[in-house]
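Laboratory data are not the source of any read-out in this text; all were calculated from the coordinates shown. All figures in this text were calculated on a predicted structure; none of them were measured in a lab. Here Cβ is always computed from backbone atoms with ideal geometry, including for glycine, and neighbour counts include all displayed protein chains.
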Amino acid sequence: MATLSLTRSSLSVRLSRGEKVAGLLRDLEVPLTSVRSAEVVDDPLAAVRGLRAPGLALPGVRRIGTWRRPGERSYVCVRRGQPALRVGLRGERYDAVLVGADDAARIAAHLDAAVVAGTPRWTEVEVTVPGPVPLAGTLTLPAGSDAPVPAVALACGSGPLDRDSNHRRARFDVTRQLAHALAAAGLASLRYDKRGVGRTPGDWRAAGLHDNADDLAAALDALAARPEVDAGRLVLAGHSEGAVLAASVAARGGRAPAGVVLLSLAARPGDDLLRWQARRIAPTLPAPARALMRLFRVDLERKVATNHAKVRATRTDVARIGGARVNARWLREFLDHDPTRDLRRTAVPVLAVTGDTDLQVPADDLEVLAAAVPGGAEVHRVPGLTHTLRRQPGRASLGAYRGELRRPVDPEVLDVVVGFCRRVTAP
């Protein structure tokens, strides 16, 4: 039987094994910031509309699966004689959730009081960040605020990610969920599509690491220029490569932020980091892959080092390494970039968060990071947290990322980031 549960930051749906098989569904977890409506449905079987694709329908008895109709995709698990909770969503894989629950009225009341309350908690405005390449972005503003508010410039991770931290093959959704959590706490934010991604022109492969830092600096200036924003209370925040960029911009000596948030930042040069990743990831690969590596005597770390030498020998923005087109300029700059040099020049409060099961950033680097920042830094080593900013039970592996990304960003991470941003921007 399906069960619904609430935390401070998410709504969870847990299905029985039989329900998962019958409806070809998985458990679902959505951030409360994505909820736009909640209501109790007394006759849920009659409320299911559209075409089943896929799922199970027993007329008058049971409906489990995905139902589609124009403009709406619904997650459904209902049965005869049981009330259901219908939740409208925005920005999620499903537009609506309809799940049977004996306590549907209680959960709906909680959602209405704590989340919906009939009033939007933020507004979003399409903006363009001026610069050598105009960046398409989203300005998120807390609802109901007349005075200029503090704000956060958000930078996502490496590769062709859009303003929400999403790749066409992987929905990380980090910056979007951060933006909404910040808005719910009264802070504005600006996030943007990287060069050559989404609505921003250009080619992401041709952009260097320093180009990306210039783009974040431009976003910070654009945020400061908005009349809705208090230019004296700005924060830089980034995840993965975005954290590298945030540290770099904060150290430049131009517009000084009130604080810097570094999510999953390594405190070592890129060359060392990528070798560490190879050592860390190799034992977590599936058994067939490890067997093939042993058979062909493939040393993953040595292969990475060989590719680094090939990249360093290039002179173009884009090159072919091992038959694949790579952003060679970005790699050359990243391999030699040491974030600790930027951290030593950072004179504002710093928050650093890394998970202790992160396969892409050493959690032990938090100590190095804190020592590098003048005056130290606030650091959080989160148990079970991976590079996706979700928790993964058991042994960490890249193969589990797909399942992790069906869940929202860890609520503890959101709470820590929001709390820090509120403190450093307090009047």
Entry for Kirkwood radius over Cα pairs in Å (calculated from the structure that is shown) out of [x] 23.0; [y] 25.8; [z] 30.0
[x]
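Stokes-Einstein diffusion coefficient for segment 1-88 at 37 °C in a medium of 0.692 mPa s, Rh from the Kirkwood formula over Cα pairs: what value in µm²/s? Before the final figure, lay out each step's value.
On the way: Rh = 13.4 Å.
Once the numbers are plugged in, D ends up at 245 µm²/s.
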Using +1 on the beta carbon of Lys and Arg, -1 on that of Asp and Glu, and nothing else charged, what's the dipole of the chain about the Cα centre, debye to 20?
1720
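At a threshold of 8 angstrom on Cα-Cα distance, excluding pairs fewer than six apart, so keeping six or more, what relative contact order does the chain reach in percent?
About 12 percent, as a whole number.
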If you add up the charges near PRO374, with Lys and Arg at +1 and Asp and Glu at -1, over every other residue whose beta carbon is less than 10 angstrom from its beta carbon, what do you get?
+2
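Can you sort THR316, THR66 by how many other beta carbons sit within 10 Å, fewest first? Don't skip to the end; give the middle numbers.
Working: THR316 9, THR66 19.
Taking fewest neighbouring Cβ atoms as first place, the list is THR316, THR66.
Count charges around VAL416 for me, please; just the other residues with Cβ under 10 Å from its Cβ, Lys/Arg as +1, Asp/Glu as -1.
Numbers: positive: none; negative: GLU378, ASP410, GLU412, ASP415.
After counting each charged neighbour, the total is -4.
Once you keep just the Cα pairs under 8 angstrom separated by 6 or more residues, what percentage relative contact order results for segment 26-137? Present the calculation step by step, with values, prior to reporting the outcome.
Details: 208 pairs, mean separation 27.8, N = 112.
Computed over segment 26-137, the figure is 25 percent.
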From phi via Karplus (6.51, -1.76, 1.60), per-residue ³J(HN,Hα) for segment 213-224 in Hz, x at Gly/Pro:
5, 4, 5, 5, 4, 5, 5, 4, 5, 5, 5, 5
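Rounded, prolate or oblate, given the Cα gyration tensor of segment 91-229, with a/c below 1.5 counting as rounded?
Working: a/c = 3.22, a/b = 1.58, b/c = 2.04.
Oblate, since a/c reaches 1.5 and b/c is not below a/b.
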In whole Hz, with x marking every Gly and Pro, tabulate ³J(HN,Hα) for segment 130-138 from phi via Karplus 6.51 cos²θ - 1.76 cosθ + 1.60, θ = phi - 60°.
x, x, x, 10, x, 9, 7, x, 10
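Given 0.36 nm per residue, what is the gain on full extension from VAL125 to LEU285 after removing their alpha carbon distance, in nm?
Residue separation times 0.36 nm, minus the Cα-Cα distance, leaves 53.4 nm.
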With contacts defined as alpha carbon pairs under 8 Å and 6 or more residues apart, what's the relative contact order of segment 118-157 in percent?
36
Report ³J(HN,Hα) in whole Hz for each residue of segment 336-344, in order, from the Karplus equation J = 6.51 cos²θ - 1.76 cosθ + 1.60 where θ = phi - 60°; Gly and Pro get x.
9, 8, 10, x, 5, 5, 6, 4, 5
For VAL61, net neighbour charge (Lys/Arg +1, Asp/Glu -1) across residues whose Cβ lies under 12 Å away
+4
Using modelled amide H (1.01 Å from N, peptide plane; none on Pro or chain starts), what sits under 5 Å from the amide H of ASP203, excluding residues fewer than 5 places away?
GLY196
On a 0 to 90° scale, report how tilted helix 241-250 is relative to the longest principal axis of the chain, with both axes built from alpha carbons and the result rounded to the nearest 10.
60
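Using 0.36 nm per residue, how much length does the chain from ALA225 to PHE296 gain when fully extended, once their Cα-Cα distance is taken away? Write out the running numbers ahead of the final one.
Numbers: separation 71, 0.36 × 71 = 25.56 nm, distance 5.70 nm.
Stretched out fully, the ALA225 to PHE296 stretch lengthens by 19.9 nm.
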Measure nothing but the geometry: give the 0 to 90° angle between the long axis through the Cα atoms of 174-184 and the longest principal axis through the Cα atoms of the chain, rounded to 10°.
70
Which residues does a label at ARG312 reach in segment 268-282, if reach means a backbone N under 16 Å from a point 7 Å past the Cα toward the Cβ?
269-276
Students often forget the sequence filter, so: which aspartates and glutamates lie under 16 Å Cα-Cα from LYS20 once same-chain residues fewer than 8 apart are removed?
GLU29
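Please rank TYR401, TYR192, fewest neighbouring Cβ atoms within 10 Å first, as an exposure proxy.
On the way: TYR401 17, TYR192 30.
Ordered from fewest to most neighbouring Cβ atoms within 10 Å, TYR401, TYR192 come out as TYR401, TYR192.
Test of understanding: what is the full-extension gain from ASP42 to ARG168, defined as 0.36 nm times their sequence separation minus their Cα-Cα distance? Don't skip to the end; give the middle numbers.
On the way: separation 126, 0.36 × 126 = 45.36 nm, distance 3.83 nm.
So the chain would gain 41.5 nm between ASP42 and ARG168.
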Residue with peak Gaussian network fluctuation, the chain [Cα springs, cutoff 10 Å], from LEU190, LEU273, LEU56:
LEU56
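Classify segment 298-427: rounded, prolate or oblate, from the alpha-carbon gyration tensor (a ≥ b ≥ c, eigenvalue square roots; a/c under 1.5 rounded; otherwise prolate if a/b is larger than b/c)?
Details: a/c = 2.24, a/b = 1.38, b/c = 1.62.
Oblate.
Classify segment 272-333: rounded, prolate or oblate, from the alpha-carbon gyration tensor (a ≥ b ≥ c, eigenvalue square roots; a/c under 1.5 rounded; otherwise prolate if a/b is larger than b/c)?
On the way: a/c = 2.64, a/b = 2.00, b/c = 1.32.
Prolate.
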